[in-house]
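Presented below is the structure to which this report refers.
The values are calculated or read from the model by the stated rules, or taken from the named source; none is laboratory data. Just so you know, these numbers come straight off a predicted model, no measurement behind them. Neighbour counts run over all protein chains shown; Cβ positions are idealised from the backbone, glycine included. These area figures cover heavy atoms from the full protein model, side chains too; ligands, DNA and RNA do not enter into them. Shrake-Rupley method; radii C 1.70, N 1.55, O 1.52, S 1.80 Å.
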Amino acid sequence: MLLTLPVFAPEVPAVIEFTPAGERHLRLVLAMSRLGMISDDDLAGLRRTSMSASAIRTLIEKGWQREVGGDYSFKLISAYARLILPHRDSEEEFSTENGEPLVCVAINAGRPEWITIGKAFSAIEALQPGLGRKALGILEGSLCHFGTPHTVGGAFEMAQNLYWYGEDDESVVLEEYGDEADDADIPRRADLFDGIPEWAYVNISDELPYATDEEFAAATELLADHTVGKLLAALLHLDRIDSDNDLFATPYQNDECSIPNEPPIVCGWTGETDFDRVFDDNYRYFAEGGEEPPWSGCVMFAPTEAGISESLPRIRHTGLVLRALDTALHEARNLNNEL
């Protein structure tokens, strides 16, 4: 294939022979070059009159890693981003209605870390009723990007849906068992959440106090030098940066309504394995359903200068939110270990 280049690098010939690399690869590498995402150093060592598909992929990888790689470097969470340039068998999914090719930056999570956070958030709640509950709400709100949070509040929601017909406990389900209720293999709320305060897992309640945004910000400033100060500051930053939901990469494509189930972290309350049964049953439920999206977040765009330029703010914002989430979780684990 012969391709005439308007600008690639001054010392590169105007005509270069490309081995088969795919239309998306060629369009993307040219657009990246025009936007300055490929440096002269990247081109050093390449043959002057030909370029292999492997060399093109390397240029793309280096350019994107340099552009947004720093936004996706984490201490604790297992989230990661990957650039997808699909093969021909995925043409329909990665094309516009007019047949124009698209590429994708997808957000996924690998094997999550197990941590314990109960002491940390209990210390916050002890300072001001409703403050710890608000802190957990901020954390779980951001974890919702990956599906139901694997936290104490998420475990309660899963238990409601998996075992209790959406109710707050097992009583309605056990009524169906009649005289055999005592032997029914239905998890009991008192057993699952033994020793855990209700404010930590009951998300909807008019009786439990919940700090407002203003109260949380004021408390963060007041407690800046306190033991919980770093965690509060990290959560406040997360809350503010994650407020623009329209910018964060969405898992939904083509009006699909499937929910991701890729936890980047598992947060126990008194121990790392507090809710293993609930989380395992939830995993099996999703695995049997087979309707999970292939990613937790996705930004699709045309492999053009305009496509890249329009997508970069969303890609960077998503990375910044994940880094803020990672920092908050890191502070929560550190504080929990200190107490």
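Take the chain, connect every pair of alpha-carbon atoms lying under 10 Å apart with a spring to form a Gaussian network, then pick out the residue of 125, 180, 291 with the largest mean-square fluctuation.
180
Hey, if you put +1 on the Cβ of every Lys and Arg and -1 on every Asp and Glu Cβ in the range 102-215, which of 200, 104, 143 ends up farthest toward the positive end of that dipole?
It is 104, whose Cα lies furthest towards the positive end.
Report which label in (1) 1.21; (2) 1.15; (3) 1.07 holds the value of Cα Rg over 2.2 N^0.38 Å derived from the coordinates of this structure.
(1)
Calculate the length of the line joining the C-alpha centroid of the range 192-260 to that of the range 163-181, in whole Å.
Taking the Cα centre of each part, the range 192-260 and the range 163-181 sit 31 Å apart.
Heads up, I need the accessible area for residue 23: 1.4 angstrom probe, whole protein in place, Å², nearest 10.
For residue 23, the solvent-accessible surface is approximately 100 Å².
What list of ³J(HN,Hα) values in whole Hz, one per residue of the range 262-272 in order, does the Karplus curve 6.51 cos²θ - 1.76 cosθ + 1.60 (θ = phi - 60°) give from phi, with Gly and Pro shown as x?
Here the 3J(HN,Hα) series is 10, x, x, 7, 10, 10, x, 9, 9, x, 5 Hz.
State which helices in the chain qualify, where a helix is a whole DSSP H run, it must extend 24 Å or more along its own axis by its Cα atoms, and its mean Kyte-Doolittle hydropathy must be at least 0.0.
Once both thresholds are applied, nothing remains.
With a 10 Å cut-off between alpha carbons and a GNM built on the chain, which of 327, 220, 58 moves the most?
58
If eta is 0.692 mPa s and T is 37 °C, what Stokes-Einstein diffusion coefficient results for the range 72-183, Kirkwood Rh from Cα pairs, in µm²/s?
On the way: Rh = 18.4 Å.
Taking Rh from Cα pairs, D becomes 179 µm²/s.
Which of 311, 243, 73 ends up with the largest GNM mean-square fluctuation for the chain, with Cα atoms connected below 10 Å?
Highest fluctuation of the listed residues: 243.
Using a cut-off of 23 Å between alpha-carbon atoms, which lysines can reach residue 62, once sequence neighbours fewer than 8 places away in the same chain are excluded?
Reachable lysines: 75.
Sequence neighbours fewer than 8 away in the same chain don't count; with that in mind, list the aspartates and glutamates whose C-alpha is under 17 Å from residue 119.
140, 194, 198, 272, 274, 331, 338
With every protein chain kept in the model, how would you rank 331, 113 by accessible area, 1.4 Å probe, largest at the top?
The most accessible residue leads, giving 113, 331.
Counting only DSSP beta bridges with both residues in the chain, tell me the antiparallel percent, nearest 5. Numbers along the way, then the final one.
Working: 16 of 22 bridges.
About 75 percent, rounded to the nearest 5.
List every residue whose amide H lies under 5 Å from the amide H of residue 274, counting only residues 5 or more places away in sequence or on a different chain, with H placed 1.01 Å from N in the peptide plane.
269
Can you give the FRET efficiency to the nearest 0.05 for residue 111 and residue 287, using r as the Cβ-Cβ distance and R₀ = 22 Å?
Efficiency, rounded to the nearest 0.05: 0.90.
Using a probe of 1.4 angstrom, how much of the accessible area of the range 143-265 is carbon and sulfur, in percent?
Of all accessible area on the range 143-265, carbon and sulfur atoms account for 44 percent.
Sorted by accessible area (1.4 Å probe), largest first, how do 283, 163, 210 line up?
Largest accessible area first, the residues go 283, 210, 163.
Report the extension gain between residue 188 and residue 172 in nm, rounded to one decimal, defined as 0.36 nm multiplied by the number of residues separating them, less their alpha carbon distance.
Answer, rounded to one decimal: 4.6 nm.
Which distance in nm do the two modelled labels at residue 244 and residue 280 give, with both placed 7 Å along the Cα-to-Cβ direction?
It works out to 4.3 nm between the two label points.
Quote the accessible area belonging to residue 285 in square angstrom, nearest 10, computed with a 1.4 Å probe and with ligands, DNA and RNA left uncounted.
The accessible area of residue 285 comes to roughly 140 Å².
Run the dipole for the range 84-154 about the Cα centre, Lys and Arg Cβ at +1, Asp and Glu Cβ at -1, nothing else charged, and hand back the magnitude in debye, nearest 20.
Charge dipole, the range 84-154, about its Cα centre: 720 debye, nearest 20.
Determine by what factor the alpha-carbon radius of gyration of the range 139-266 differs from 2.2 N^0.38 Å, reporting the quotient.
Working: Rg = 18.5 Å, N = 128, 2.2 N^0.38 = 13.9 Å.
In units of the 2.2 N^0.38 Å rule of thumb, it is 1.33.
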